[in-house]
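The structure appears right after this line, and notes come after that.
Nothing in this text is a laboratory measurement; each read-out follows from the coordinates by a stated rule. Remember, it's a predicted structure, so these values are computed and weren't measured experimentally. Cβ sites come from the backbone with ideal geometry, for glycine too, and all protein chains shown count toward neighbours.
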């Protein structure tokens, strides 16, 4: 192994799920995208689920953006869970920072800090929940090429 913080994943029968832990090390974001790509390939093969190429790209993008935020703004470990729930994938990222993310005001001149805007634009839903330690961000991505779905506004349930 190359010393990566990725601690492995586990795949259960039902529901189909995979999890990995990261430590904010170089390469974690790429490993997170690889985890998503491999998970969806297994969903296609083992479950016979119809997973569009667009869904594979969107899930990788969402994992990348949420894991980047965790690595950038939260000290310590982060966890990524991917779970097949019907015709969608739930992407969940936990990190140790209690501060809830807030989308920045639209500014075409701003360089960077667009990750949350991107996630909210491409997902069917996005939620953030405070945890006893840190927070849990959850996004749902449809497996089909349904471009008519809308994103649920960012919610911060108490």
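Computed quantities for the displayed model
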item: Ranked packing of 27-35, 46-54, 63-71, most packed first, by mean Cβ within 10 Å; result: 63-71, 27-35, 46-54
item: Ratio of Rg to Rh over segment 48-108 (Cα coordinates, Kirkwood Rh, two decimals); result: 1.04
item: Inter-part distance where segment 100-122 and segment 59-80 are each reduced to a Cα centre, Å; result: 15 Å
item: Cβ crowding within 10 Å averaged over residues, with 86-92, 99-105, 72-78 ranked highest first; result: 86-92, 72-78, 99-105
item: Rounded D (µm²/s) - segment 17-142, Kirkwood Rh over Cα pairs, Stokes-Einstein at 4 °C, 1.567 mPa s; result: 88 µm²/s
